[in-house]
Amino acid sequence: MAHEPITGGRFDIPATNPIFVKMVQSFALSSRLQLPPGNFFSDPGPKAEALFVGHILHDLNVEEKKMLIAKAYDALPPSSALVTSEW
């Protein structure tokens, strides 16, 4: 498998977990991806070497965007990355 040592996960509200689990299973990645539910408004950001924030910021006001980016900054070690994707 390409890039075998790479692992990852997702951090999202519990209601989206079944969708993600199904997708992960369809690609046979269950052993490499963590699936803990979370709430980025109330929980600390997940610790990682890189965080990908996808299709979230467009729904937030400026203060919420700043809060989310600050949580990502606090969760990331030096020389890491925050990647965002929006429509």
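Bear in mind these aren't lab numbers, they're just calculated from the coordinates by the rules spelled out. The model shown is predicted, which means the values in this text are computed figures rather than measured ones. Every residue, glycine as well, gets a Cβ built from its backbone with ideal geometry; the counts of neighbours run over all protein chains shown.
Full extension from residue 59 to residue 25: what is 0.36 nm times the residue separation minus their Cα-Cα distance, to one decimal in nm? Write down the numbers at each step before the final one.
Details: separation 34, 0.36 × 34 = 12.24 nm, distance 2.86 nm.
Net length gain for the segment: 9.4 nm.
In straight Cα distance, which aspartates and glutamates are under 13 Å from residue 71, not counting same-chain residues fewer than 8 positions off?
Within the straight-line limit of under 13 Å, residue 71 reaches these aspartates and glutamates: 43, 63.
Would you mind classifying segment 45-87 by shape? Square roots of the alpha carbon gyration tensor eigenvalues, ordered a ≥ b ≥ c; an a/c under 1.5 is rounded, otherwise it is prolate if a/b is larger than b/c and oblate if not. Numbers along the way, then the final one.
Values: a/c = 2.70, a/b = 1.55, b/c = 1.74.
The shape class here is oblate.
Pulled fully out, how much extra length does the chain show between residue 39 and residue 15, if you take 0.36 nm times their separation in residues and subtract their Cα-Cα distance?
Numbers: separation 24, 0.36 × 24 = 8.64 nm, distance 1.08 nm.
Going from the current span to full extension adds 7.6 nm.
Towards the positive end of the charge dipole of segment 45-87, with charges on Cβ (+1 Lys, Arg; -1 Asp, Glu), say which of 57, 87, 69 has the farthest Cα.
Looking along the dipole axis, the top candidate is 69.
Please list 3J(HN,Hα) in residue order for segment 57-63, calculated via the Karplus relation 6.51 cos²θ - 1.76 cosθ + 1.60 where θ = phi - 60°; whole Hz, with x for glycine and proline.
For segment 57-63, the Karplus-derived couplings read 4, 4, 8, 9, 7, 4, 5 Hz, x marking Gly and Pro.
Would you indicate which of (i) 48, 25, 21; (ii) 125, 13, 6; (iii) 40, 32, 25 is the value of Cα extents along the principal axes in Å derived from the coordinates of this structure?
Matching the structure shown: (iii).
Determine the gain in length on full extension of the stretch residue 32-residue 49; use 0.36 nm per residue of separation and subtract their C-alpha separation, reporting nm with one decimal.
Working: separation 17, 0.36 × 17 = 6.12 nm, distance 1.51 nm.
Full-extension gain reported as 4.6 nm.
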